[in-house]
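J.: Handing you a structure now.
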Amino acid sequence: MKILFIGGTGIISSACSNLALSQGHELHLLNRGSTNRILPAGAYHHRADIRNSEEVLRVLGDHTFDVVVEWLGFEPHHIEADISMFAHRTKQYIFISSASVYQKPPHHFPITEATPIVNPFWKYAQDKIACEQALMDAFEKNEFPVTIVRPSHTYDKTFIPVPGRYTVVDRMKKGKQVIVQGDGTSLWTLTHSRDFAIGFNGLFGQQAAIAEDFHITSDQWLSWNDIFHLVADAAGVDPNIVHIPSDFIASVDPDFGASMFGDKSHSAIFDNSKIKALVPAFNASIPFQKGIIEAMKWHESDPAHQAINEELNASMDRIIKAYLE
C-alpha cells in the first residue's frame, strides 16, 4: 500500500515506519525534517509543516494514499485542517489518540473500547477527546474514513518511561530521592513500540477498522513501585523513593504533575480483545524487564543520550522539600 505518515520519526512511529518498509509498503513521511533520528532508508520524505496547509498541499502535489496516519494531531483545529486536506486523498485516515481519554478514575476493569471517554483532569486528554469527536462527526456527515488508535505509554530504547525520563535515572545513580506518585501501588501498562507496531500496521487497509476505535497495549501490568525498581535494577542501583500524592505534585508544579494527576495516578489495565480479533498477529511479547534493559544500554552507550533536565531536577527537589517539611 501507499502510506503517508504525518510525522513518522517519533518514539512510536519510528517502529511503525521500519515495520511498514519491511512489509513492502511504499512509505511517505511528511514532517519538518527537524528530528535527530535518522530517516528510515527507503521512505520518501516530504519536508513541510503540517500546520501550514498551503505548504503541505504544494509539497504533496497530486499524491493520493491508501492510508494517512496523523501522529501529530493534538487539538481540534489540527483535525479540521486534516479533514479538509485529506478527504479526497486517502482511503483510510488513522488518528493517533491516547488511552488517557478513558474515564478517570475508571469505574471498572479491564478498560475496553466501550469504557466511557471522559477525563476531567487533563487538558491533553480533553483535546484528544475533542479530536476524536470531530473525526467521528466527519464520518457521520461525510463518511470520512477514520480509524482511531489509542496508545498507552509506549516506549522504545530512546525513552525511559517514568516521569522525568533519564533525569530520574541520574538522580537514582547519585542517591537522590525520586518521586513516585501516591503509594506506588496503582497498576500501569507499558508497551514497547515494536510490539505496538505489529498491531498498528495490521490495521492498514482494513475496511472493518473504518469508524472504529482501538487501543493497542501490552497485557503486562506493573505497579509504579515495580516500574521504578526495574528501572533502578537496569541502572545497577537501589532507588531512594519518596511517595507523594499526585495532587500535591500538581499543586507545586502543575506542568510536571498534570499527567500524573490526570492519568498516571489511576490504574490502567486494558483488554486488547478488539485489536487481536482484527489483527491476529498482534501479541505483545517484550516485557518491561527486557525493554528497560535495552533502553538503559542505549542511554549508557553515549553521554549524548543522557540528557538531564535541570529545570525539572530543581522542581523535583522543590516538590520533595515542600512535601517532607
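J.: Using the Cα gyration tensor of segment 78-223, with a ≥ b ≥ c the square roots of its eigenvalues, what is the shape: rounded (a/c below 1.5), prolate (a/b larger than b/c) or oblate (neither)?
T.: It is prolate, given that a/c is not under 1.5 and a/b is the larger ratio.
J.: Also: Quick one: of the DSSP bridges fully inside the chain, what percent are antiparallel, nearest 5?
T.: Working: 3 of 37 bridges.
So the antiparallel bridges in the chain amount to around 10 percent.
J.: Listed here are the pairs Lys91/Lys123; Lys104/Lys297; Lys123/Lys176; Lys176/Lys321; which of them are more than 23 Å apart at the Cα?
T.: Pairs exceeding 23 Å: Lys91/Lys123; Lys104/Lys297; Lys123/Lys176.
J.: Show me 34-47, 119-132 ranked by packing, highest mean number of other Cβ atoms within 10 Å first.
T.: Going from most to least packed, we get 119-132, 34-47.
J.: Hey, what number do you get for the chain at 222 nm if only DSSP H runs of n ≥ 4 count, each worth -39500 (n - 2.57), divided across all residues, to the nearest 500?
T.: Rounded to the nearest 500, it is -11500 deg cm²/dmol.
J.: Something else about it: Scan around Lys104 for amide H atoms under 5 Å from its own, H built in the peptide plane at 1.01 Å from N, and keep only partners 5 or more places away or cross-chain.
T.: For Lys104, whose amide H was placed from the backbone, the distant partners under 5 Å are Val118.
J.: Got the relative contact order for the chain handy, in percent, Cα pairs under 8 Å and 6 or more residues apart?
T.: 19 percent
J.: Give the separation of the Cα centroids, segment 86-141 to segment 17-61, in Å.
T.: Cα centres, segment 86-141 to segment 17-61: 25 Å.
J.: Could you quote the convex hull projected area for segment 247-296, Cα atoms only and averaged over all directions, in nm²?
T.: Reported value for the Cα convex hull: 5.5 nm².
Read-outs throughout are calculated quantities, based only on the coordinates presented, and are distinct from any laboratory measurement. Not measured: the values here are computed from a predicted model. FYI the Cβ positions are ideal-geometry reconstructions off the backbone, even for glycines, and counts take in every protein chain you see.
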